[in-house]
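The structure appears below as structure tokens.
Read-outs throughout are calculated quantities, based only on the coordinates presented, and are distinct from any laboratory measurement. All values derive from a computational prediction rather than experimental measurement. Here the Cβ positions follow ideal geometry from the backbone for every residue, glycine too, while neighbour counts run over all protein chains shown.
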Amino acid sequence: MQNAMLYIAALLACCLIPAAAAATGDILVPIRDEVWQKVVFPPEGVSAEEAADLGIICDPVKGNSLAVGPWREGHWGARFQSRESLPILRGLVRGSYRTEDIEANGVTVSVQFFRGDNRVNTERKRLGSAEEWTPFEFVFRRTPPGADSIRIAVGLDRITEGRALFADLIVSPEAPPLVFPEEPPAIARPAPPTGLEEGKYFRIAERDCVWWLISPSGKGFYSVGTDGPWHRADDVAERTDQKHVCWLRRLRANSLAGWTDIERWSRINDELVAKGEVPFATFITMETSIPRGDFDHLLDDEGQPQSDNHAFPDPFDPRFADDYRARVRRTAQLVRGKSWHAAWFADNEISHRNLHRYPYAKHCSVAFREFLRTRYTNLDALNEAWGTDFSSFKDVMDRRPVPQIGDRAMYDDFHAFSREIVKKYVDVTLNIIRSEDPGRLVFSPRFMFNDFGYLDLYSRFDAVAINCYPGNNEPGIDEWTIDRLRAAHELTGRPIIIGEWSVPSLDSGLYNDPDNLDWSWPQTVETQTDRARQAACVTTEFYNLPFIIGAHWFIWYDFDSERRKANRGLFTAEDEPYVEVIDGLARAHEKIGPAVLSDPYP
């Protein structure tokens, strides 16, 4: 505390904080060039100034304001970051903001925690669009072990042609306590429909503006559950099967999520049916985003993929379709004709980031060349539009131009072709699954939350899958997240299923290493009691959204290894149950009622 007061006194001495603000303990962060630094991460060949507009403007209402946007190119956001660190580890950031031509497009305020000169973690809050100056408040409570100071940042984390303005920025050392209610919110969703026509498989229907899975027995069905655990080396098959089924029943789960070992659980489901017991609805996730298999992923002009583990496959590579069909066919043999299998997820978390910069994989580049040949009547027309001197359409691909922001024709053509990439991907994956498992529901790839730049092209799927981890800065789901989920539904016209969600907690002991903090750190709550209460709030609020048809907890076991430590499980890595969390979820499932607990099969 003494160091903090000395620091505040130093700031006061150099006129960074008015005396009235300092007297209350608040630190005013003035809007001046020497206080803020611009932070942009443009791709190679693009300057920071081309990638994003950042500046201090004089607003007629607020005076000096930080203006961020448009942000056209780059990674990880465009923002203003305070130059000096503050010795405050718990508190809140207050201010005002407004937006211009931004529709819930990732306006953020963040607190970056430092240990010395090294940033150890970041906590952030997303803000919605605001045509008028609007106050905001962001409480930060999760101090990473070893952190000794913070810096604040404001800006954008989604590419946009709009801009956001910030003013009246204040940091306060007071953090109000976060209390999670003992009881989740009331059920606001209408009761599920019943008495509908029976069918062979699950289907989807809308009744009175509410979306439902419809079970084979003709009842409205809402999917809750978790990933069915895989066998471990020391498991005794029969006894372990019985134990896991018992815990799923205690959870009041009706479904097995997308990372379930379908070979194991198809056998268990068939055994349950043979005994006259209710099987679990299963979901299967395909995955092509990790570069593996005998097909290409998209590449940029230097032959680099987007990501090590979320790369977008090259859908024009015929080997991609062959590989995808072979994997779907192998898996479909386990579920074909089974009424308990609910749906396929076409993929998992493939990245749509900057797709316009990745057209140069072998087969994709051929498709791009033909796209340009069709788009322009001849090469002279392309060279005139682009201001280039290519000798042939093949020469375009050989020289691998990079779309420049200032060259609108080139930039627009690369963007237009990136949509053709996604359309081709949708054609390949959707048609293969439907041909290999006819009559079954096929859901979109499970999107990383807010990776929605091409979402409209996925409206051909039966539902859109989104992995959505709540920030846990307030009970339940924050309004910005709800707005983004609603926007995804309205854009596609399809219902939403939450492919992954969960709540982590500090008292698990998995967040004690300051040098190995998992990305889930900024979403942690304090205790397992908080975790159980927040889990019940979140699952109930998901259910109350009329366009959501299910939400799947991730995952069965915690991560606890040298590679990753994260409290995501219903069980510890040593197979000890988090009973309070399981029972908290079960009570919420009981409250949801027939949509979870009724027998979905004829």
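Structural size metrics of segment 81-165, computed from C-alpha coordinates, are Rg and Dmax of 13.6, 40 Å.
Normalised Debye scattering of segment 35-148 at q = 0.11, 0.20, 0.23 Å⁻¹ gives log10 I(q)/I(0) of -0.41, -1.27, -1.45, counting only Cα atoms as equal scatterers and leaving out solvent. Taken about its Cα centre, segment 26-172 carries a charge dipole of roughly 720 debye when the Cβ of each Lys and Arg holds +1 and the Cβ of each Asp and Glu holds -1. Checking every one of the GluC sites (Glu not before Pro) in segment 67-145 against DSSP loop status and a limit of 10 other Cβ atoms within 10 Å picks out Glu131, Glu132. For segment 221-315, the list of trypsin sites (Lys or Arg not before Pro) that fall in a loop by DSSP and count at most 16 other C-beta atoms within 10 angstrom reads Arg232, Lys275, Arg292.
Cross-link pairs exceeding 19 Å in C-alpha to C-alpha distance, out of Lys362/Lys424; Lys394/Lys423; Lys200/Lys338; Lys275/Lys338, comprise Lys394/Lys423. All Cα-Cα separations within the chain were binned at 10 Å from zero, giving a P(r) of 3, 15, 24, 25, 19, 10, 3, 0, each value a whole percent of the pairs. Taking Cβ atoms as reference points and 10 Å as the exclusive limit, the residues near His341 contribute a net charge of +2, counting Lys and Arg as +1 and Asp and Glu as -1. Of Tyr454, Tyr360, Tyr425, the sequence from fewest to most neighbouring Cβ atoms within 10 angstrom is Tyr454, Tyr360, Tyr425. Placing +1 on each Lys and Arg Cβ and -1 on each Asp and Glu Cβ, with no other charges, gives the chain a dipole about its Cα centre of roughly 1040 debye. Checking every one of the GluC sites (Glu not before Pro) in segment 255-347 against DSSP loop status and a limit of 13 other Cβ atoms within 10 Å picks out Glu277, Glu302. By other beta-carbon atoms within 10 Å, ranking Thr374, Thr226 with the fewest at the front produces Thr374, Thr226.
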